[in-house]
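Quick note: the coordinates plus some simple rules give every number you see, no bench work behind them. None of the values given here were measured: they were computed from a predicted structure. Quick reminder, even Gly has a Cβ in these numbers, built from the backbone with ideal geometry, and neighbours come from all protein chains shown.
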Amino acid sequence: MLVIKNLSKIYRTEEVETTALHNLNLEIQKGEFVSIMGTSGCGKSTLLNIIGLLDSPEKGNYGFDGKEVANLKEKERSVIRKANIGFVFQNFNLIDELSVFENVELPLIYNKVKASERKKRVNEILERVGISHRAKHYPLQLSGGQQQRVAVARALVTNPKLILADEPTGNLDSKNGNEVMELFSELHAQGATIVMVTHSEYDAKFSSRVVKMKDGEIVSEHSNVQKLDVLVQ
């Protein structure tokens, strides 16, 4: 589903040139749940931004669902992004003035989905992530774990081919964080393709593969045989 070859990204100022990614190669198959790990500054967030078509590389190739997208203009990237990718952020990024239902509905409004279809899809996805009983509440009336469930619902409501999660439990206590990771695991079991950036070794155990980065390069990859141990506890 994702094929990245010899990808490089360099950030420049008048005085400094910083290589964020260097000749990076990565493939992610449909239905995989991949964790990307590494110390701060290793390039993992830059990689996630390029995968999510929020940024473009300096050089190299990026194939998304069979289409080369590395050198597309922002308007072209935006069209593909809105139709195919759902984002889950550490800070939830919910709009406090909108209800849970309205927050989840927002991407469908941007995609010009009819009102009757929006209502159906929002109700279905809220039920799926276990937060339908809070549909009329506002974000500040919810716990951190509940807010992240709303954020996941918003990411899923457009039926994306890919879910990208950036430190999704970073602002949560262990109980709420575990609930969110169990939700991701359920989504993966249902066939979702997920790429997650995380510092947490525990959270990474929920994924099917762990990719570790250092200095803009991938230094190791392994299939996660511990995943089943986490799920049965």
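Treating only the Cβ atoms of Lys and Arg (+1) and Asp and Glu (-1) as charged, compute the dipole magnitude of region 74-233 about its Cα centre; round to the nearest 20 debye.
It works out to roughly 720 debye.
Of the listed pairs Lys73/Lys136; Lys30/Lys73; Lys59/Lys112; Lys112/Lys161; Lys9/Lys175; Lys59/Lys212, which have alpha-carbon separations greater than 28 Å here?
Lys73/Lys136; Lys59/Lys112; Lys9/Lys175
Return a whole-number percent for the relative contact order of the chain, with Cα pairs under 8 Å and 6 or more residues apart as the contact set.
28 percent
Once phi is turned into θ = phi - 60°, what whole-Hz ³J(HN,Hα) does the Karplus curve with 6.51, -1.76 and 1.60 give for every residue of region 67-83, x standing for Gly and Pro?
Each residue's phi maps through the Karplus curve to give 10, 6, 10, 4, 10, 6, 6, 4, 4, 5, 4, 4, 4, 5, 4, 5, 8 Hz.
Hey, can you grab everything whose amide H is under 5 Å from the amide H of Ala165? Only 5+ residues off in sequence or another chain; H modelled, so Pro and N-termini drop out.
Val88, Val195, Met196, Val197
Could you state the angle between the C-alpha long axis of helix 144-156 and the longest principal axis of the C-alpha atoms of the chain, as a value from 0 to 90 degrees rounded to the nearest 10?
Orientation of helix 144-156: about 70 degrees from the principal axis.
Roughly how tilted is helix 115-128, in degrees to the nearest 10 and between 0 and 90, from the longest Cα axis of the chain?
Roughly 80 degrees, rounded to the nearest 10.
Let me know the shape class of region 1-54, please: from the alpha-carbon gyration tensor, a ≥ b ≥ c as square roots of the eigenvalues, rounded when a/c is under 1.5, otherwise prolate if a/b is greater than b/c, or oblate.
Prolate, because a/c is 1.5 or more and a/b exceeds b/c.
Report the convex hull volume per residue for the chain, counting only C-alpha atoms, in Å³.
135 Å³
Once you order the gyration tensor axes a ≥ b ≥ c over the Cα atoms, which shape class does region 70-194 get: rounded for a/c under 1.5, otherwise prolate or oblate by comparing a/b with b/c?
Note, shape of region 70-194 comes out oblate.
Would you kindly derive the ³J(HN,Hα) couplings of region 163-175 from the backbone phi angles with the Karplus curve 6.51 cos²θ - 1.76 cosθ + 1.60 (θ = phi - 60°), listing them in order in whole Hz, with x for Gly and Pro?
So the Karplus estimates, Gly and Pro as x, are 10, 10, 10, 10, 6, x, 10, x, 10, 10, 6, 4, 5 Hz.
Among His222, Val69, Ser8, whose Cα sits farthest toward the positive end of the charge dipole of the chain (+1 at Cβ of Lys/Arg, -1 at Cβ of Asp/Glu, about the Cα centre)?
Toward the positive end, the furthest listed residue is Val69.
Is it possible to state the helix-based mean residue ellipticity at 222 nm for the chain, with each DSSP H run of 4+ residues giving -39500 (n - 2.57), the sum divided by total residues, to the nearest 500 deg cm²/dmol? What is it?
-10500 deg cm²/dmol
Could you give the dipole magnitude of region 22-149 about its Cα centre, charging the beta-carbon of Lys and Arg +1 and that of Asp and Glu -1, in debye to the nearest 20?
400 debye
Under the Karplus relation 6.51 cos²θ - 1.76 cosθ + 1.60, θ = phi - 60°, what is the ordered set of whole-Hz ³J(HN,Hα) values for region 178-186, x standing for Gly and Pro?
The phi angles translate into 5, 4, 5, 5, 5, 5, 4, 5, 5 Hz.
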